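Presented below is the structure to which this report refers.
The values are calculated or read from the model by the stated rules, or taken from the named source; none is laboratory data. Bear in mind the structure is a predicted one, so any value in this text is a computation, not a measurement. FYI the Cβ positions are ideal-geometry reconstructions off the backbone, even for glycines, and counts take in every protein chain you see.
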Amino acid sequence: MILLDRVSVQYNKQAAALERINLHVENKEFVVIVGQSGAGKSTLLKLLTRELKPTSGKIVVGGIDYETLRDKDIPFLRRKIGTVFQDFKLLSNKTVFENVAFALEIVGMSNREIEHTVPKVLELVGMKGKGDSYPHQLSGGERQRVAIARAVVRQPKILIADEPTGNLDPKHAWDVIRVLEKINKHGTTVLLTTHNMEIVNKLRRRVVTIRDGKVVGDRAKAGAPKSSSQVVS
């Protein structure tokens, strides 16, 4: 599903944002990526969404080799990857329904399909009955769940959640994490970045640790080392 082979991002001769990263994420896996600010997590995610090109190395996502990816095909790639951020990025003048529907409108889905699809996704994220509400009427956790609904309504193969609980209290943070787990159970590969070590420890998922642009740890779900074919070096 996701393969990075000796990937580096060099901003200048003195500083490397990422250095010879090796990472293999299986289809339908749930992986937590941890590291301090500036460690390279955001750079890694930008590589996957093709906002950034590597200085060297190979990236393959969902069978697409980024080395041969044409600029005109980047929108097609991004339809396979849903993204959720810490600050929600909802449209304040649109209702919950309209925010989620907007992701379908821009790819040309018919009104009939939108009317059929959006309620199902809102129910999936625990926002059934909130379609007519506006973002300012929702709690932070509810807004984040709407953002997740918008990210997955096009049924992407991969969901990137970049610090999605960073602005939330513990209860709402766990509400969001449970939604991500539910989406993962439906077959979507999930990459979660977080600073919250309580979430990391209680989730008991594979944890990849990045420090100073390098992967320094790759711990499997139960805490045992991964097999040699999947260990990040």
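Before moving on, here are some points about what is shown:
- Restricting attention to region 32-69 and to residues that are of a type in the set (Gly, Ala, Ser) and either closer than 21 Å to residue 165 by Cα or at pLDDT below 95 (or both), the residue that is nearest to the chain's Cα centre (by Cα) turns out to be 42.
- Residue satisfying all of: in region 162-181; closer than 23 Å to residue 95 by Cβ and within 14 Å of the chain's Cα centre (by Cα); surrounded by the most Cβ atoms within 10 Å (Cβ to Cβ) among these: 164
- Yes/no for residue 161 being modelled with pLDDT under 95 and not β-branched (Val, Ile, Thr): no
- Qualifying residue in region 14-34 (condition: free of Cβ contacts under 8 Å to residues at least 12 places away in the same chain and either over 27 Å from residue 138 (Cβ atoms) or among the hydrophobic types (A, V, I, L, M, F, W, C) (or both)): yes
- Single condition residue 72 does not satisfy, out of (1) in a strand (DSSP E or B); (2) more than 14 Å from the chain's Cα centre (by Cα): (1)
- Filter result (among the hydroxyl-bearing types (Ser, Thr, Tyr) and modelled with pLDDT of 90 or more) within region 189-233: 189, 193, 194, 209
To keep it simple, each residue is scored yes or no on (1) touching a residue at least 24 places away in the same chain (Cβ under 8 Å); (2) within 24 Å of the chain's Cα centre (by Cα); (3) assigned to a helix (DSSP H, G or I); (4) farther than 15 Å from residue 147 by Cα.
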{"residue": "103", "(1), (2), (3), (4)": "yes, yes, yes, no"}
{"residue": "116", "(1), (2), (3), (4)": "no, no, yes, yes"}
{"residue": "119", "(1), (2), (3), (4)": "no, yes, yes, no"}
{"residue": "122", "(1), (2), (3), (4)": "yes, yes, yes, no"}
{"residue": "126", "(1), (2), (3), (4)": "yes, yes, no, no"}
